[in-house]
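Participant: Below you'll find the structure I mean.
The values are calculated or read from the model by the stated rules, or taken from the named source; none is laboratory data. Note that the structure is a prediction, hence the values are computed from the model and not measured. Note: ideal-geometry Cβ built from the backbone for every residue, glycine included; neighbour counts use all protein chains shown.
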Amino acid sequence: MTTRVLLVDDEELIRAGLRAIIDVEPDLEVVGEAADGVEVLPLVNKLEPDVVLMDVRMPTVDGIQATRHILDRAAEPPKIIVVTTFENDDYVYDALIAGASGFLLKRARPAEIVRAIRVVVAGDSLLFPAAIRMLAANRGDARRPGLREAGLTEREEEVLRLMATGLSNVEISEQLFVGIQTVKTHVGNILAKLHARDRTQAVITAYESGFVTPG
Amino acid sequence: MLGWVFRPVVQRLTYRRWAYMVIGAVLIVPFTVASVLVVPPLLNVLLPAPVGQELLVIAGAVIVVVLGSSAAASFIPAARVVEGTAARELLGHGVPEHAVKRATNLEARWKTCQWLLVHILIGTFVSFFTLFVPLALVLSFAAPFTGLWLQVGTHRFTVPTGWQSVWVPVVSVIAALALVHLVNFAGWLLTRLSQILLSPTPADRLEELRIRTEKLAERNRLARELHDSVGHALSVVTIQASAAGRVLDTDPQFAHKALSAIEEAARNALADLDHVLGLLREDVPTTTPQHTMADVSQLLDTMRQAGVQVNAEIAGDLPGLPFAVSTEAYRIVQECLTNALRHAGKVPVTLIVNAAGDSLEVEAANPVPANTATTQGGRGIKGMRERVTVLRGQIQAGPDAGMFRVRARIPLRNGGA
């Protein structure tokens with residue numbers, strides 16, 4: 001089964017480059033392109049992509065708004081990866097808070113780009129945990145509630161902490177000496193209790209509520 | 001206790017403060033000389049005979065004139081710089097840093113005026129004692145032997161000879177110590193006062209804030225410009241090169257196109273970088289000679305070598321233009337030509353310069369590619385507009401029927417245009 005990718009970037013040359021890089025992979029396929037955030041929602045509904053690679057800065061509707069839009073309105077919201085020129089960009093963290101599953105630098109190597117798409121689709125590990133920790137640390141004080149009331153069990157809290165460090169489900173199961181299926185159950189419960197769409201969102205909530213301190 | 005008495009004698013600050021007091025007295029010397037020469041004859045004319053010759057009246061009038069003219073002089077903005085610099089150097093770091101800045105608003109000038117008057121009054125007072133006390137101290141040691149202590153003009157201060165006049169040197173030493181303490185205290189007082197009179201006024205603070213904000217905005221603007229131009233171009237280069245590498249064998253046509261795109265993006269990035277670096281350098285005051293319209297043909301040659309096709313019509317006496325007008329006109333021509341090259345590429349530029357009439361007219365126009373977003377002009381145009389306005393001229397810049405046109409008109413004579 002191939003992963004369907006939608007590209008959103010106002011620069012045609014970037015889209016063409018990404019398309020060439022992605023289309024070479026047998027398991028990935030670019031199904032469409034958009035040049036601005038306004039065009040994305042109808043395209044998502046029409047093409048039903050699994051992943052959207054979304055430029056952060058665009059002329060009319062930027063990547064953050066478009067992300068929010070898609071996640072609120074799309075019938076089957078895809079995973080969203082925001083694409084940015086600079087790592088040190090406030091918008092990236094805003095996009096993660098808006099619900100993006102990860103981010104990619106435009107200077108990433110082709111292998112990293114395709115790996116990022118696969119990681120986000122699989123959902124069993126976190127994309128660039130170190131960079132997310134750094135972004136959270138820079139923004140540190142934007143605390144929001146949401147974890148105390150969630151009622152996580154002690155074991156689930158432990159699993160969430162390990163998720164934030166970037167461990168995959170397999171690695172967590174090895175660390176805690178439990179079966180992979182048990183870990184998957186825990187992760188599923190955590191996502192449900194935190195109302196998180198995916199792993200990234202759960203970790204962002206953990207940082208934002210101060211449950212995990214970036215540092 | 002002894003330490004308290006003698007510390008001012010040995011500390012260097014006391015003598016720096018002393019120098020500042022003496023300067024205060026010296027400041028009024030020219031005013032005093034002038035008014036001593038001018039005031040008595042004037043009073044003689046203005047007032048009835050006996051009153052106009054009264055010593056007290058003359059002295060009073062001289063003092064009023066001296067202080068009045070000093071106060072008036074303090075309103076020269078540079079007076080503040082001189083006074084403030086001297087105060088900061090000599091009174092020490094208790095004097096606010098702002099003291100050395102020009103007084104740019106009325107409140108600051110009033111405060112400078114008050115400061116100057118206080119400086120003059122305290123300085124004159126201290127200097128008066130400075131003239132007599134050290135002299136009296138030196139001579140006091142001889143007084144018990146000679147019977148003469150001090151002679152001022154024909155007035156002689158005599159004392160009996162022998163042991164009964166031992167008090168004379170003792171009192172003189174105490175007076176000298178007291179003077180040192182007076183200087184020290186006056187210096188301290190002035191330092192405290194400077195924090196009120198020479199510190200930034202609300203208007204100064206506002207101005208400082210405005211300048212700081214402007215600098216910050218400028219830095220942000222440059223950062224954004226680098227982000228948008230060079231960052232963007234390098235992203236294109238990176239991704240296109242990555243893609244080309246991946247599909248080199250399977251899709252050579254794509255690789256070929258990618259190479260062209262990379263070349264173009266890198267070239268534009270260099271041009272943008274050049275521009276931004278130029279802006280960064282612009283803020284550094286240059287010591288290079290400024291170009292005038294007399295150098296414009298050289299500029300046109302340079303631009304033609306760079307590939308810009310310039311059709312120039314130049315009329316009038318260019319070397320005879322006023323300097324300010326001439327340098328500004330040169331900058332306008334330069335800006336227009338480089339903008340044309342930067343935004344539109346190697347397009348033909350029409351340039352009309354006419355210095356024949358009452359005003360200098362400069363018009364530059366170049367076609368703009370249809371697909372580029374035409375702006376109302378960036379910082380370059382804004383800068384031009386500000387400078388042309390200062391010269392009482394007008395400038396229009398903007399897209400006009402497929403062309404980008406800049407038209408400036410600067411009057412050459414007072415009341416002209």
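Residue-by-condition table, conditions (1) within 14 Å of chain A (Cβ to nearest Cβ); (2) part of a helix (DSSP H, G or I); (3) of a type in the set (A, V, I, L, M, F, W, C); (4) over 30 Å from A:Ile21 (Cβ atoms):
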{"residue": "B:Thr191", "(1), (2), (3), (4)": "no, yes, no, yes"}
{"residue": "B:Ser199", "(1), (2), (3), (4)": "no, no, no, yes"}
{"residue": "B:Glu218", "(1), (2), (3), (4)": "no, yes, no, yes"}
{"residue": "B:Ala244", "(1), (2), (3), (4)": "yes, yes, yes, no"}
{"residue": "B:Leu280", "(1), (2), (3), (4)": "no, yes, yes, yes"}
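Participant: Still on this structure, I have one more. Please verify whether B:Arg224 is more than 14 Å from chain A (Cβ to nearest Cβ) and either at positive phi or basic (Lys, Arg) (or both), treating the condition exactly as stated.
Facilitator: no
Participant: Sticking with this one: Taking into account only those residues within region A:73-96 that are part of a helix (DSSP H, G or I) and more than 14 Å from every other protein chain (Cβ to nearest Cβ), which is surrounded by the most Cβ atoms within 10 Å (Cβ to Cβ)?
Facilitator: That would be A:Ala95.
Participant: Enumerate the pairs (first residue in region A:19-47 and of a type outside the set (A, V, I, L, M); second residue anywhere and part of a helix (DSSP H, G or I)) with beta-carbon separation below 7 Å, excluding pairs fewer than 6 apart on the same chain, so at least 6 apart or on different chains.
Facilitator: Here the result reads A:Glu25/A:Val114; A:Glu29/A:Asp23; A:Gly32/A:Leu43; A:Gly32/A:Leu47; A:Glu33/A:Arg15; A:Gly37/A:Gly63; A:Gly37/A:Gln65; A:Gly37/A:Ala66, each pair linking region A:19-47 to a residue that is part of a helix (DSSP H, G or I).
Participant: Which pairs turn up if I take residues in region B:157-185 that are closer than 26 Å to B:Arg7 by Cα and look for partners that are among the aromatic types (Phe, Trp, Tyr) and surrounded by fewer than 18 Cβ atoms within 10 Å (Cβ to Cβ) with beta carbon separation below 6 Å, at least 6 apart in sequence or on another chain?
Facilitator: As it stands, the answer is B:Pro169/B:Phe141; B:Leu179/B:Phe129, since those pairs meet every condition given.
Participant: So, one more: Look through region A:97-111, keep the residues that are in a loop (DSSP other than H, G, I, E, B) and in contact with a Ser or Thr (Cβ under 8 Å, 6 or more places away or on another chain), and return whichever of them is farthest from the other protein chains (Cβ to nearest Cβ).
Facilitator: It comes out as A:Gly99.
Participant: Which residues, counting only those in region B:321-357, are over 33 Å from the mean Cα position of the chain (by Cα) and modelled with pLDDT under 85?
Facilitator: B:Ala340, B:Leu341, B:Arg342, B:His343, B:Ala344, B:Gly345, B:Lys346, B:Val347, B:Ala356, B:Gly357
Participant: Taking the criterion of being away from every other protein chain (no Cβ under 14 Å), surrounded by fewer than 18 Cβ atoms within 10 Å (Cβ to Cβ), free of Cβ contacts under 8 Å to residues at least 24 places away in the same chain and of a type outside the set (A, V, I, L, M), would at least one residue in region B:249-256 satisfy it?
Facilitator: Within region B:249-256, none of the residues are away from every other protein chain (no Cβ under 14 Å), surrounded by fewer than 18 Cβ atoms within 10 Å (Cβ to Cβ), free of Cβ contacts under 8 Å to residues at least 24 places away in the same chain and of a type outside the set (A, V, I, L, M).
For (1) surrounded by 13 or more Cβ atoms within 10 Å (Cβ to Cβ); (2) assigned by TED's automatic domain parsing to the domain that holds B:Leu189; (3) within 35 Å of the chain's Cα centre (by Cα); (4) not basic (Lys, Arg), each residue gets a yes or a no:
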position: B:Leu13; (1), (2), (3), (4): yes, yes, yes, yes
position: B:Gly24; (1), (2), (3), (4): yes, yes, yes, yes
position: B:Leu27; (1), (2), (3), (4): yes, yes, yes, yes
position: B:Val36; (1), (2), (3), (4): yes, yes, no, yes
position: B:Pro40; (1), (2), (3), (4): yes, yes, no, yes
position: B:Leu46; (1), (2), (3), (4): no, yes, no, yes
position: B:Thr85; (1), (2), (3), (4): yes, yes, yes, yes
position: B:Arg88; (1), (2), (3), (4): yes, yes, yes, no
position: B:His93; (1), (2), (3), (4): no, yes, yes, yes
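Participant: Residue check, B:Val236 against (1) surrounded by 12 or more Cβ atoms within 10 Å (Cβ to Cβ); (2) more than 13 Å from chain A (Cβ to nearest Cβ), all met but one. Which one?
Facilitator: For B:Val236, the exception is condition (2).
Participant: Hey, does region A:14-25 have a residue that's among the hydrophobic types (A, V, I, L, M, F, W, C), closer than 18 Å to A:Thr67 by Cβ and facing chain B (nearest Cβ under 9 Å)?
Facilitator: Within region A:14-25, one or more residues are among the hydrophobic types (A, V, I, L, M, F, W, C), closer than 18 Å to A:Thr67 by Cβ and facing chain B (nearest Cβ under 9 Å).
Participant: Working carefully through the options A:Leu160, A:Leu167, find the one that is buried (at least 22 other Cβ atoms within 10 Å of the Cβ) and not β-branched (Val, Ile, Thr).
Facilitator: A:Leu160
Participant: Follow-up. Which ranges mark the helices (runs of 4 or more DSSP H) fully within region B:1-88 that have 1 or more residues being hydroxyl-bearing (Ser, Thr, Tyr)?
Facilitator: Output list reads B:12-27, B:29-46, B:55-73.
Quick grid of which residues meet (1) surrounded by 18 or more Cβ atoms within 10 Å (Cβ to Cβ); (2) of a type outside the set (D, E, K, R); (3) within 21 Å of A:Val92 (Cβ to Cβ):
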{"site": "A:Ile21", "(1), (2), (3)": "yes, yes, yes"}
{"site": "A:Glu29", "(1), (2), (3)": "no, no, no"}
{"site": "A:Leu43", "(1), (2), (3)": "yes, yes, no"}
{"site": "A:Lys46", "(1), (2), (3)": "no, no, no"}
{"site": "A:Val52", "(1), (2), (3)": "yes, yes, yes"}
{"site": "A:Asp55", "(1), (2), (3)": "yes, no, yes"}
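Participant: Of all residues in region B:106-125, which are of a type outside the set (Gly, Ala, Ser), closer than 14 Å to B:Leu189 by Cβ and crowded, with 19+ Cβ neighbours inside 10 Å?
Facilitator: B:Trp115, B:His119, B:Ile122
Participant: Would you mind telling me which numbered condition in (1) buried (at least 18 other Cβ atoms within 10 Å of the Cβ); (2) of a type in the set (Gly, Ala, Ser); (3) closer than 25 Å to A:Pro77 by Cβ A:Gly188 fails?
Facilitator: (1)
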